[in-house]
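Asks: Dumping the structure here so I can ask a few things about it.
The values are calculated or read from the model by the stated rules, or taken from the named source; none is laboratory data. The shown structure was predicted, so the numbers you read here are calculated from the model rather than taken from an experiment. Using ideal geometry, Cβ is built from the backbone for each residue, glycine included, and neighbour counts are taken over all protein chains shown. Keep in mind that these areas ignore ligands, DNA and RNA; they rest on the heavy atoms of the full protein, side chains included. Shrake-Rupley method; radii C 1.70, N 1.55, O 1.52, S 1.80 Å.
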Amino acid sequence: TQLLEQSPQFLSIQEGENLTVYCNSSSVFSSLQWYRQEPGEGPVLLVTVVTGGEVKKLKRLTFQFGDARKDSSLHITAAQPGDTGLYLCAGVKYNFNKFYFGSGTKLNVKP
Amino acid sequence: GAVVSQHPSRVICKSGTSVKIECRSLDFQATTMFWYRQFPKKSLMLMATSNEGSKATYEQGVEKDKFLINHASLTLSTLTVTSAHPEDSSFYICSASRSADYGTGELFFGEGSRLTVL
């Protein structure tokens, strides 16, 4: 079983649409990260959120860390075909130096 | 900076043979490296945490005698899949953290190694 559950698992949308991906857990994390992975490659870090309630923006991407540091969301505005990929959230546990990945969300943005 | 290199990127082997995958941090020292396994279109499953100079810590359900991990230096960790079988076929990815103190360190990933066992 996954420590972090992501929803939806798959998302296929048209270019220009908005979308939100959720990352939920019953565990508390010291920080949470979002990665994007292309097929056959390793994940690449998008953002790290540390403080409960924190919101970070990266161009068209908005990341939020839940107040209780158990969940996070990724919102993409006006999605582009270049946003296509596998989005992974990863939670870091206090004092254990371990990164646990979410179940992943496969996004396909059609032109 | 912060480059992690994995080798080989692809390997095909016969059932029963052993395969070694290397993970190197090229421009930083990695006290801790992580090994993940990823099935097609699925997320990364943590296999083990590798600490330099000590035994790896394996996640529940991962056979340590099957997946031998060695972290002999601050820049190199190896994963050896012993007596590989077709069910071991997968995408294996390593990662390293430069600074995981307080849980805010970024993970840097290798390119991944695609193992196919015939």
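Asks: Would you mind computing the Rg to Rh ratio of the range A:53-111 from its alpha-carbon coordinates, Kirkwood style for Rh?
Replies: Details: Rg = 13.3 Å, Rh = 13.0 Å.
Computed over Cα atoms, the ratio is 1.02.
Asks: Calculate the spin-label point distance for residue A:44 paired with residue B:82, positioning each point 7 Å from the Cα along the beta-carbon direction, and give it in nanometres.
Replies: 3.8
Asks: Roughly how many nanometres apart are two label points built 7 Å out from the Cα toward the Cβ at residue A:110 and residue B:72?
Replies: Result: 5.3 nm between the two label points.
Asks: Now, a different point. What accessible area, summed over both chains, is buried at the B-A interface (1.4 Å probe, Å², nearest 100)?
Replies: Looking at B and A, the buried total is near 1800 Å².
Asks: Please identify the trypsin sites (Lys or Arg not before Pro) of the range A:6-111 that satisfy two criteria: DSSP loop assignment and at most 16 other Cβ atoms within 10 Å. Which are they?
Replies: Loop-located and lightly packed - A:59, A:60, A:93.
Asks: Filter the GluC sites (Glu not before Pro) in the range B:11-118 to those in DSSP coil with at most 11 other Cβ atoms within 10 Å of their Cβ, and list the result. All intermediate terms of the calculation are to be shown ahead of the outcome.
Replies: Working: sites: B:22, B:52, B:59, B:63, B:87, B:106, B:111; in loops: B:52, B:59, B:63, B:106, B:111.
Hits after loop and neighbour filter: B:63.
Asks: In whole Å, what three semi-axes, largest first, describe the equivalent ellipsoid of the protein assembly as shown built from its Cα gyration tensor (square root of 5 times each eigenvalue)?
Replies: 30, 21, 15
Asks: With respect to the cross-link table entries A:98/B:64; A:98/B:66; A:106/B:14; A:106/B:55; A:70/B:41, which display a Cα-Cα separation exceeding 27 Å?
Replies: From the list (A:98/B:64; A:98/B:66; A:106/B:14; A:106/B:55; A:70/B:41), the Cα-Cα distance tops 27 Å for A:106/B:14; A:106/B:55.
Asks: Accessible area per residue for chain A in Å², computed with a 1.4 Å probe and the full protein assembly in place, what is it?
Replies: 46
Asks: Let me ask something additional. For the range B:7-58, what does the accessible surface come to per residue with a 1.4 Å probe? Please give it in Å².
Replies: In whole numbers, the range B:7-58 has 55 Å² accessible per residue.
Asks: Highest GNM mean-square fluctuation, chain A, Cα pairs closer than 10 Å: which of A:52, A:85, A:16?
Replies: A:16
Asks: Rounded to the nearest 0.05, what FRET efficiency do residue A:26 and residue B:41 give with R0 = 25 Å and r taken as the Cβ-Cβ distance? Could you check?
Replies: With R0 = 25 Å, the Cβ-Cβ based efficiency is 0.50.
Asks: Tell me the carbon and sulfur percent of the accessible area for the protein assembly as shown, rounded to whole percent, probe radius 1.4 Å.
Replies: 51
Asks: Further question on the same structure: Under a 10 Å cutoff between Cα atoms, tell me which one of A:99, A:63, A:29 has the largest fluctuation in the Gaussian network model of chain A.
Replies: Its mean-square fluctuation being the largest, the pick is A:99.
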